[in-house]
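Peer 1: Below is the structure I would like to discuss, written out as structure tokens.
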Amino acid sequence: MRSITTFHLQYAHRFYQFQGEAQYLHGHTGTLTIEVEDSINEGVNMVYPCNEIKKVAWDVLRNFDHALILRKDDPLLPAILEVYDRQGIRKGHRLNTMKGEAFRTDLAVAYPDCRLVVTKDTMTVEGMIMIVHELLKDKLPIAKLTFVSGDNTASECFKPEADIERCPLCGISLDKEGKCPKCGWQKGKEQE
Ligand SMILES: [Zn+2]
Ligand SMILES: [Zn+2]
């Protein structure tokens, strides 16, 4: 069965060298739907709690919210960084606190201090699905991702890769030591 969570990301981007209006910098509210598939976790009668999917995903995906997403060869990139430098906000600002965890994959690099994500390929809805899958495939058993942005939608099904052991009391992933980070349940210990 699947647990399904949806959330929204607000971002600016452009399709560098695309022959059309999308080559101009513009913004979207993108809607990402994550479908997680596993057996029903008997103790809690859930696949995975949706608020926990959101928490795990949001830790990294927050990098795309109120952010600028540019392809690595886009000449806007050095131009914008130069302005951020001059303004003193490239390395952060004391009120820029809603930051994601910095990440670097083959497809994208996040710079949370200046709310920038630099991508290998143009950030289309299809590109976003590949980036998100790369970031979350080891953290959640992802069966399907859908990303809607403006008039564009892309969707892809995956074979869940993450092998996750869940707490029988609250349904979230156990840590490396087999302990639940939420309630402290410990795998292998006699439970009261
Ligand atoms: Zn766009
Ligand atoms: Zn627990």
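Peer 1: Name the residues in the stretch 1-46 that are aromatic (F, W, Y) and either surrounded by fewer than 12 Cβ atoms within 10 Å (Cβ to Cβ) or closer than 29 Å to K159 by Cα (or both), would you?
Peer 2: F7, Y11, Y24 - these are the residues of the stretch 1-46 that are aromatic (F, W, Y) and either surrounded by fewer than 12 Cβ atoms within 10 Å (Cβ to Cβ) or closer than 29 Å to K159 by Cα (or both).
Peer 1: Taking the stretch 13-47 as the search range and keeping residues that are among the polar types (S, T, N, Q) and either within 16 Å of ligand 1 (Cβ to nearest atom) or not in a loop (DSSP other than H, G, I, E, B) (or both), which one is farthest from M130 (Cα to Cα)?
Peer 2: N41
Peer 1: State which residue is nearest to I4 (Cα to Cα) when the search covers only the stretch 139-192 and only residues that are in contact with a strand residue (DSSP E or B) (Cβ under 8 Å, 6 or more places away or on another chain) and within 16 Å of ligand 1 (Cβ to nearest atom).
Peer 2: Once the filter is applied, the top-ranked residue is F147.
Peer 1: Also, I was wondering about something else. Quick check on this structure: which one of Y48, Y24 is under 20 Å from the mean Cα position of the chain (by Cα) and among the hydroxyl-bearing types (S, T, Y)?
Peer 2: It is Y48.
Peer 1: For the stretch 49-80, enumerate the residues that are buried (at least 16 other Cβ atoms within 10 Å of the Cβ) and under 20 Å from T122 (Cβ atoms).
Peer 2: Listed by number, the residues that qualify are L61, N63, F64, D65, A67, L68, I69, L70, R71, D74, L77, I80.
Table: residues versus (1) under 30 Å from D74 (Cβ atoms); (2) at pLDDT 90 or above; (3) within 16 Å of ligand 2 (Cβ to nearest atom); (4) surrounded by fewer than 13 Cβ atoms within 10 Å (Cβ to Cβ).
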residue: M123; (1), (2), (3), (4): yes, yes, no, no
residue: M128; (1), (2), (3), (4): yes, yes, no, no
residue: V132; (1), (2), (3), (4): yes, yes, no, no
residue: D151; (1), (2), (3), (4): yes, yes, no, yes
residue: A154; (1), (2), (3), (4): yes, yes, no, no
residue: C157; (1), (2), (3), (4): no, yes, no, yes
residue: D163; (1), (2), (3), (4): no, no, no, yes
residue: S173; (1), (2), (3), (4): no, yes, yes, no
residue: K187; (1), (2), (3), (4): no, yes, yes, no
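Peer 1: Could you tell me whether Q10 is in contact with a helix residue (DSSP H, G or I) (Cβ under 9 Å, 6 or more places away or on another chain) and within 16 Å of ligand 1 (Cβ to nearest atom)?
Peer 2: Yes, satisfied.
The values are calculated or read from the model by the stated rules, or taken from the named source; none is laboratory data. Nothing here was measured: the structure is a model prediction, and the numbers come from that model. No Cβ is skipped: glycine too gets one built from the backbone with ideal geometry, and neighbour counts run over all protein chains shown.
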